[in-house]
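Beneath this line is the structure, given in structure tokens, with notes to follow.
The values are calculated or read from the model by the stated rules, or taken from the named source; none is laboratory data. Quick caveat, the model's predicted, so the values are computed rather than measured. Here the Cβ positions follow ideal geometry from the backbone for every residue, glycine too, while neighbour counts run over all protein chains shown. For the accessible areas, the whole protein counts, side chains as well, though only heavy atoms, and no ligand, DNA or RNA atoms are used. Shrake-Rupley method; radii C 1.70, N 1.55, O 1.52, S 1.80 Å.
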Amino acid sequence: MTKHVPIGLIETPFQPRLEALSTAKSWINWAGYVSPAMLDTVEFEYFAIRNQTTLFDISPMHKYRITGPDALQVVNRLVTRNAAKLRAGRVGYVLWCDEEGMVIDDGTLFRFSDTDFRLCCQEPMYTWLLDTAWGFDAKISDESQEIAALSLQGPTSFSLLQDAGLGAVADMKPFDWREIEPDLWISRTGFTGDLGYELWVPNGKALELWDRLWAKGGHWGLRAIGFEALNICRIEAGFIAAGFDFQPVHMAMRLGRGRSPLELGFAKMVDFTKGHFNGRRALLKQQETGLRYHLRKIDIGGFKPADGALIYHKKKKEVGHVTSGVWSPTTKRNIALAEFKAPFGENVADDLWAEVYVNEEGQWDRRLVPVTIEDKPFFINSRARVTPPRPF
């Protein structure tokens, strides 16, 4: 079979299965690994997430192990939330900052025990972790090329796991994680806002895991998917993404492009009472002097794509822009995440308008459509949290 993988990218352990399933031959670069933008069509893959169950290869995520007597101190020096409140067997969303309080990256923190953590994230972080751990009795290991992972998402995901002999996940609550079988760890986590799990195995057992799930997937509508369908779901769930809704400050080339956790709407993820952490002084100062920006969820009038649209106050003053925007097939709304210059989007939330350009048979038409600030995720379904999950 002729391969269509871009030259220079690394294949994940699941690439032989993805390559065979891909009809679109649409690949992207994710952290130096080849990853599917889509395997078939975005529409089929999106509706499979919301109505069936889907597999997405998340192996390209960077994975770092932090172990040793001072592992908790290292983690708490790194992240803005208090990791001491995260119990063993739990997963937490975390952000971490530079000394200016600007977000370096976000990710998920898995706690094995009091002295053992795994950090998963988008950006390479090994040297930053080594710097953070300086002087502590802790070891930093890069597991990125040792651990493969699959995200199994959708309403029938639990039913599929049961059929695959993995029904032991039934009592796992959202953000639980445990070793279900030797070398197979499963977390009830995901990036879709739906019922779902993430499965973690050594690279050498990756294809065995894929084949085990795929063999039981037909009855439950299992479909492999790419990033584009996942991206629609994560916006529906209100999840931010690095490189889209904020620029990881270590990757930004221009001054002033960094954003703080407070400006991204994560004040509750910053614990000033736990002791010192990277960026604490700067964030305390920003809390006193005021924020520069507000990242908010918004509803945009009409149904035309608004990704990247500028936002105006009273149709005249430019006050922000859309960072991620899509038409939501499930909620039937034009939804987005948007960054506003303070005080707009927070203290000034009325008379806001998005500038949308529409190409109608070769002629561009400029439209100003109303913007409404939203506080809750656009997609909320109880099946994402019910324990044990309901059968479908």
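Taking each residue as 0.36 nm, the span from Lys376 to Asp299 lengthens on full extension beyond its C-alpha to C-alpha distance by 26.6 nm.
All other residues with a Cβ under 11 Å from the Cβ of Ser141 taken together, and with Lys, Arg as +1 and Asp, Glu as -1, what is their net charge?
Counting the neighbours of Ser141, the net charge comes to 0.
Put simply, the Cα atoms of region 265-360 extend 56, 32, 19 Å along their principal axes, the longest span coming first.
Please give the charge dipole size of the chain, origin at the Cα centre, charges +1 on K and R Cβ atoms and -1 on D and E Cβ atoms. Round to the nearest 20 debye. Show your work: numbers first, answer last.
Numbers: 47 positive and 49 negative charges, 185 e Å.
Charge dipole of the chain: 880 debye, to the nearest 20.
Plainly put, region 311-392 has a radius of gyration that is 1.12 times its Kirkwood radius, both from alpha-carbon atoms, as the Rg/Rh ratio.
Helical runs (DSSP H, four residues minimum) scored at -39500 (n - 2.57) apiece and divided by the length of the chain put the mean residue ellipticity at 222 nm at -5000 deg cm²/dmol.
Per residue, how much accessible area does region 183-265 have with a 1.4 Å probe, in Å²? Display every interim value, and only then the final one.
Working: 3220 Å² over 83 residues.
Accessible area per residue, region 183-265: 39 Å².
Once you reduce region 364-392 and region 9-58 to the center of their Cα atoms, the two points are 24 Å from each other.
Label 7 Å along Cα→Cβ of Tyr93; region 155-197 residues with amide nitrogen under 18 Å? From region 155-197, the list is 173-177, 187-197. Going by Cα centres, region 91-138 and region 170-234 are how many Å apart? Each part reduced to its Cα centre gives a spacing of 23 Å. Residue by residue, region 59-66 carries 3J(HN,Hα) couplings of 4, x, 4, 6, 10, 10, 9, 10 Hz when phi is fed to the Karplus relation 6.51 cos²θ - 1.76 cosθ + 1.60 (θ = phi - 60°); x denotes Gly or Pro.
Please report, to one decimal in angstroms, the Kirkwood hydrodynamic radius of the chain built from all distinct Cα-Cα pairs. Display every interim value, and only then the final one.
Values: mean 1/r = 0.0453 Å⁻¹.
When all Cα pairs of the chain are included, the Kirkwood radius is 22.1 Å.
Summing +1 for each Lys or Arg and -1 for each Asp or Glu among the other residues whose beta-carbon sits under 15 angstrom from that of Ala384 gives +4.
Surface composition of the chain: carbon and sulfur make up 52 percent of the accessible area, probe 1.4 Å. Per residue, region 45-143 exposes an accessible area of 36 Å² to a 1.4 Å probe, with every protein chain left in place. Averaging 1/r over each pair of different alpha-carbon atoms in region 1-158 and inverting the result gives 17.4 Å, the Kirkwood hydrodynamic radius.
The Cα-based radius of gyration of region 1-76, divided by its Kirkwood radius, gives an Rg/Rh of 1.14.
Using the Kirkwood radius over C-alpha pairs as Rh, can you work out the diffusion coefficient of region 78-128 via Stokes-Einstein at 37 °C, viscosity 0.692 mPa s, in µm² per second? Working shown, then result.
Values: Rh = 11.5 Å.
Estimated diffusion coefficient is 286 µm²/s.
Using a Förster radius of 35 Å, what is the FRET efficiency between Asp116 and Ala31 based on their Cβ-Cβ separation? Nearest 0.05, please. Please list the in-between numbers first.
Working: r = 24 Å, r/R0 = 0.68.
E between Asp116 and Ala31, to the nearest 0.05, is 0.90.
Applying a DSSP loop filter and a limit of 13 other Cβ atoms within 10 Å to the GluC sites (Glu not before Pro) in region 307-362 leaves Glu361. When you restrict to C-alpha pairs under 8 Å that are six or more residues apart and normalise by the size of the chain, the relative contact order lands at 17 percent. Under 5 Å between amide hydrogens, built in the peptide plane, is the criterion, and for Ala224 it picks out Leu55 among residues at least 5 positions away or on other chains.
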